[in-house]
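See below for the structure under consideration.
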Amino acid sequence: SDDVVAKRTITMAGDFNYPPFHYLDDNGNPTGFDVELFRYLAQQAGFQADFQLSQWPRMLEALDEGRVDVVPMFSSESRAEKFDFSRSTLYRQHVIFGNRDAQALSGIDELSGHSVLVQDGSYAEDHLRKFYPDIEVLVTETNPDALRALADGQADYALLAQRNAYYARRRLNIEGVN
């Protein structure tokens with residue numbers, strides 16, 4: 001909005017554990033693709049960038065209450081009712097992970113009747129609850145938590161943001177999920 005553009009400092013919020021896009025590094029500093037892109041845009045446009053990274057639902061709440069200005073996220077009809085979206089700069093998808101013994105699936109419709117892990121407040125949670133009432137949705141704080149829970153056999157599948165989940169699986173050496 002015009003109010004945001006007129007500000008000298010614009011605050012971007014995001015998930016504290018959503019690598020490689022936004023997360024806290026080993027020293028507790030915000031970093032990641034979205035953070036660095038926002039820093040660059042701030043420098044080019046002549047405003048100060050501030051960052052708040054915390055639990056994902058809290059960041060959505062902060063945006064809704066006007067305590068932050070920008071939150072990179074998947075767009076959806078329900079989110080568009082509350083928030084303004086720019087034109088997409090990067091397209092991100094979700095992927096279905098199964099535990100080692102899970103049957104390979106060809107699409108989201110095949111999750112019917114199964115338990116599925118999602119991140120709290122995520123697009124995946126919103127989508128499954130809205131369009132797939134026969135799926136048991138289990139919520140975790142972060143995508144890595146969902147992968148760990150899946151590897152531990154706490155659910156049949158997980159529906160997670162693709163790049164973040166692959167990055168977390170590799171970086172944290174989470175085995176037993178496909």
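The values are calculated or read from the model by the stated rules, or taken from the named source; none is laboratory data. Treat the numbers as computed from the prediction; the structure is a model and nothing was measured. Here the Cβ is made from the backbone with ideal geometry for all residues, glycine too, and neighbour counts use every protein chain on show. These area figures cover heavy atoms from the full protein model, side chains too; ligands, DNA and RNA do not enter into them. Shrake-Rupley method; radii C 1.70, N 1.55, O 1.52, S 1.80 Å.
What figure, in Å² to the nearest 10, do you get for the accessible area of MET59 with a 1.4 Å probe and non-protein molecules left out?
So the heavy atoms of MET59 present about 10 Å² to solvent.
Quote the FRET efficiency, to the nearest 0.05, computed for ALA104 versus GLN55 with a Förster distance R0 of 30 Å and r equal to the Cβ-Cβ distance.
0.40
Within 10 Å of each candidate Cβ there may be at most 13 other Cβ atoms; applying that plus a DSSP loop requirement, which trypsin sites (Lys or Arg not before Pro) in region 109-170 survive?
none
Top to bottom by accessible area (1.4 Å), largest first, where do ILE135, ILE108 land? Display every interim value, and only then the final one.
Details: ILE135 10, ILE108 45 Å².
Putting ILE135, ILE108 in descending order of accessible area: ILE108, ILE135.
So if we plug the beta-carbon distance of PHE85 and GLN154 into 1/(1 + (r/R0)^6) with R0 = 30 Å, what FRET efficiency do we get, rounded to 0.05?
That pair, PHE85 with GLN154, gives E of 0.35.
Give me the distance in nm between label points sitting 7 Å out from Cα along the Cα-to-Cβ direction at GLU136 and SER75, one decimal.
Here the answer is 3.6 nm between the modelled labels.
How much space per residue, in cubic angstrom, does the convex hull of the C-alpha atoms of the chain take up?
Dividing the Cα hull volume of the chain by its residues yields 116 Å³.
Suppose R0 equals 30 Å. What FRET efficiency, 1/(1 + (r/R0)^6) with r the Cβ-Cβ distance, do GLU175 and THR9 give to the nearest 0.05? Please list the in-between numbers first.
Numbers: r = 43 Å, r/R0 = 1.43.
In this case the efficiency is close to 0.10.
Could you pull out the longest piece of the chain with no exposed loop GluC sites (Glu not before Pro) in it, calling a site exposed if DSSP puts it outside H, G, I, E, B and it has at most 14 other Cβ atoms within 10 Å?
Longest gap between qualifying sites, sites excluded: 82-174.
Set Lys and Arg Cβ to +1 and Asp and Glu Cβ to -1, take the dipole of the chain about its Cα centre, and tell me which of THR31, SER106, ALA158 lies farthest positive.
Farthest along the dipole direction, towards plus: THR31.
In the full protein assembly as shown, how much of HIS127 is accessible to a 1.4 Å probe, in Å² to the nearest 10?
That residue has around 50 Å² of solvent-accessible surface.
With both partners inside region 83-173, how many of the DSSP beta bridges are antiparallel, as a percent to the nearest 5? Intermediate values should be presented prior to the final figure.
Working: 5 of 12 bridges.
The antiparallel proportion sits near 40 percent.
Give me the distance between the Cα centres of region 152-178 and region 105-147, rounded to whole Å.
What the calculation gives is 13 Å, centre to centre.
Taking a cut-off of 18 Å, what percent of all Cα-Cα pairs in region 5-61 are separated by more than that?
32 percent
Can you give the net charge of the other residues whose Cβ lies under 11 Å from the Cβ of GLN154, counting K and R as +1 and D and E as -1?
Charge balance in the 11 Å sphere: -2.
Kindly report the accessible area of the chain per residue (heavy atoms of protein chains, probe 1.4 Å, no ligands, DNA or RNA), in Å². Spell out each step's value before the answer.
Values: 10180 Å² over 178 residues.
Per residue, the chain has 57 Å² of solvent-accessible surface.
Between beta-carbons, use under 15 Å as the cut-off and find the net charge around PHE85, counting Lys and Arg +1, Asp and Glu -1. Walk me through the numbers on the way to the answer.
Details: positive: ARG79, LYS82, ARG87, ARG92; negative: ASP34, ASP64, ASP69, GLU77, GLU81, ASP84, ASP126.
Taking every other residue near PHE85 into account, the sum is -3.
With Cβ to Cβ distances under 12 Å as the rule, what net charge do the other residues near ARG67 carry (K, R +1; D, E -1)?
-4
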